[in-house]
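So the structure is just underneath, and the comments pick up after that.
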Amino acid sequence: GPPFTHQQAPRKMVFYGQTSCEQDTERYLDVVKYVFSSYKKEVPLLINTMGWVKGEGLLLLIDIIRLLSPSHIVQMDVYDWKAMAPLTPEYVHLAPGLYTKGKQQAKCKQMGMSEAESWKSSDGEGDASAPEYKLLYVHPEFPRAGVAGEARVHSSILRDMSILGYLGQLQSPDIGVVLPLHSLVPYQVPFSAVALRVIHTDVAPTNIMYAVNASWVGLCRIPDEIRCQTDGPVLLTQTPVCDCLGFGIVRGVEMEKKLYHILTPVPPENLRLVNCLLLGNVAIPNCVLVSQQGVEGEIPYVTSDYNYSI
């Protein structure tokens, strides 16, 4: 069945916080390296790459191939689109990546290499040696395979379904009435216990609670100890690449007692490890807010009289 019907706890997870990596490809590669570093090689590893294969997306894909040194690459072409060359080992060997150099470039530029250019692949041989893998090239015979616009709509629906499936763990296992979020009991988390970071944009410290309230957050663990100098929230100045243990919804912020109210299905033994909340550009599905039962008057966080001329 589709992924949202059989969710499993991952062995290693990082909350990237955005549905596309175009804004920060460098952090995306850092995340890939971080997750891949915990792969123990006792089982085969399938790497599901993105469908972004134009422009910088293709360059990033070449970086990832160099970085992860796969044994096989399965390339699925599109029926009526000939823009992408077969990713043969020879092609990847010569082609420039976004942060790594191809063979031709490496010859020209021996001096003054930056850190990004001098990356080594995971087997320690760097960019100079030709990659060794088997290319399996699939060319479908039916038209309209892989229409980009349709894929984007489908992926947003599947993403919402994944979030709803995840939130379903908050419900009682007995098949009965589905409880709305506002009738579930949240955890109380002191401001001083977790650091905060908004990933996708800059938010003024004075507005941070407006941003966090009613948001989807990654429950993460940073190696540093949380040191609270003030009675306000602990704010990180940079986005950490760290373990994410699960997700939650900040369903309220209590300024007087300095508490976040967080709904999450993550078990208590894992919650003890959480010391960082990361807020990204991932929205709670509209239906969660619009279809809540038992709300009298206007629904919180939902705008009804929206002016489309603005």
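The values are calculated or read from the model by the stated rules, or taken from the named source; none is laboratory data. Treat the numbers as computed from the prediction; the structure is a model and nothing was measured. Cβ placement follows ideal geometry from the backbone for every residue including glycine, while neighbour counts extend to all protein chains displayed. To get the accessible areas, we keep the full protein, side chains included, count just its heavy atoms, and leave off ligands, DNA and RNA. Shrake-Rupley method; radii C 1.70, N 1.55, O 1.52, S 1.80 Å.
Considering only the stretch 231-265, how many residues are of a type outside the set (A, V, I, L, M, F, W, C) and closer than 30 Å to Asp30 by Cβ?
To start, the set of residues in the stretch 231-265 that are of a type outside the set (A, V, I, L, M, F, W, C) comprises 231-233, 237-240, 243, 246, 248, 251-252, 254, 256-258, 260-261, 264-265.
Those left that are additionally closer than 30 Å to Asp30 by Cβ: 232-233, 237-240, 243, 246, 248, 260, 264-265.
Qualifying residue count for the region: 12.
So for the stretch 210-223 (the condition being aromatic (Phe, Trp, Tyr), buried (at least 18 other Cβ atoms within 10 Å of the Cβ) and under 17 Å from Leu279 (Cα atoms)), does at least one residue qualify? It would help to see each step written out before you state the result.
Within the stretch 210-223, the first condition is being aromatic (Phe, Trp, Tyr), and the residues that meet it are 210, 216.
Checking the rest, the ones that are also buried (at least 18 other Cβ atoms within 10 Å of the Cβ) come to 216.
If we keep only those that are under 17 Å from Leu279 (Cα atoms) too, we end up with 216.
Checked the stretch 210-223: at least one residue is aromatic (Phe, Trp, Tyr), buried (at least 18 other Cβ atoms within 10 Å of the Cβ) and under 17 Å from Leu279 (Cα atoms).
Working only within the stretch 33-90, note down all residues that are open to solvent by 80 Å² or more (accessible area, probe 1.4 Å) and closer than 19 Å to Lys101 by Cα.
Result: Lys54, Glu56, Glu90.
Output the qualifying pairs, or none if there are none: Cβ atoms under 6 angstrom, residues six or more apart or on different chains, first residue in the stretch 1-30 and basic (Lys, Arg), second residue part of a helix (DSSP H, G or I) and open to solvent by 40 Å² or more (accessible area, probe 1.4 Å).
Every condition considered, the pairs that remain are Lys12/Val35.
Quick check on Gly294: is it among the small types (Gly, Ala, Ser), under 15 Å from Val189 (Cβ atoms) and either in contact with a Lys or Arg (Cβ under 7 Å, 6 or more places away or on another chain) or surrounded by fewer than 18 Cβ atoms within 10 Å (Cβ to Cβ) (or both)? Even if it seems obvious, please write down each step before you answer.
Numbers: among the small types (Gly, Ala, Ser): yes; under 15 Å from Val189 (Cβ atoms): no; either in contact with a Lys or Arg (Cβ under 7 Å, 6 or more places away or on another chain) or surrounded by fewer than 18 Cβ atoms within 10 Å (Cβ to Cβ) (or both): yes.
The answer is no for Gly294.
Just the residues that are β-branched (Val, Ile, Thr) and outside any helix (DSSP H, G or I), please, taken from the stretch 1-46.
Filtering the stretch 1-46 for residues β-branched (Val, Ile, Thr) gives 5, 14, 19, 25, 31-32, 35, 43.
If the condition is that a residue be β-branched (Val, Ile, Thr) and outside any helix (DSSP H, G or I), then Val14, Thr19, Val43 are the ones that fit.
Name, by its number, the condition in (1) among the hydroxyl-bearing types (Ser, Thr, Tyr); (2) open to solvent by 50 Å² or more (accessible area, probe 1.4 Å); (3) modelled with pLDDT of 95 or more that does not hold for Thr25.
The one condition Thr25 does not meet is (2).
Check off (1) open to solvent by 80 Å² or more (accessible area, probe 1.4 Å); (2) closer than 15 Å to Gly232 by Cβ for Val178 and give me the number that stays unchecked.
(2)
Please identify the pairs in which a residue from the stretch 74-101 that is more than 18 Å from Gly51 (Cα to Cα) has its Cβ atom under 8 Å from the Cβ atom of a residue that is modelled with pLDDT under 95 and open to solvent by 60 Å² or more (accessible area, probe 1.4 Å), counting only partners at least 6 apart or on another chain.
Taking only residues 6 or more apart or on different chains, the pairs are Pro89/Glu132; Leu94/Gln104; Pro96/Gln105; Lys101/Lys109.
Could you check how many residues of the stretch 227-243 are over 19 Å from Lys257 (Cα atoms), among the β-branched types (Val, Ile, Thr) and surrounded by 11 or more Cβ atoms within 10 Å (Cβ to Cβ)?
If we filter the stretch 227-243 for residues that are over 19 Å from Lys257 (Cα atoms), which is where we start, we get 236-243.
In the following step, the residues that additionally are among the β-branched types (Val, Ile, Thr) were identified as 237, 239, 241.
Next, only the ones that are surrounded by 11 or more Cβ atoms within 10 Å (Cβ to Cβ) stay: 239, 241.
Result for the stretch 227-243: 2.
One residue is enough: does the stretch 262-278 have a residue meeting the conditions open to solvent by less than 50 Å² (accessible area, probe 1.4 Å), in a strand (DSSP E or B) and among the hydroxyl-bearing types (Ser, Thr, Tyr)?
no
If you check Lys134, Lys109, Lys33, which single one turns out to be modelled with pLDDT of 95 or more and over 25 Å from the mean Cα position of the chain (by Cα)?
On the way: Lys109 fails: modelled with pLDDT of 95 or more; Lys33 fails: over 25 Å from the mean Cα position of the chain (by Cα).
From the options Lys134, Lys109, Lys33, the qualifying one is Lys134.
Read through the list (1) modelled with pLDDT under 95; (2) open to solvent by 70 Å² or more (accessible area, probe 1.4 Å); (3) not in a loop (DSSP other than H, G, I, E, B), then give the number of the only condition that Asn307 fails.
Among (1) modelled with pLDDT under 95; (2) open to solvent by 70 Å² or more (accessible area, probe 1.4 Å); (3) not in a loop (DSSP other than H, G, I, E, B), the lone unmet condition for Asn307 is (3).
For the stretch 193-204, check the following and say yes or no: at least one residue is open to solvent by 20 Å² or more (accessible area, probe 1.4 Å) and within 19 Å of Cys287 (Cβ to Cβ).
Scanning the stretch 193-204, I find no residue that is open to solvent by 20 Å² or more (accessible area, probe 1.4 Å) and within 19 Å of Cys287 (Cβ to Cβ), so the answer is no.
Given the conditions (1) touching a strand residue (DSSP E or B) at 6+ places or on another chain (Cβ under 8 Å); (2) open to solvent by 30 Å² or more (accessible area, probe 1.4 Å); (3) over 16 Å from Cys220 (Cα atoms), which single one is not true for Gly252?
The single condition Gly252 does not satisfy is (2).
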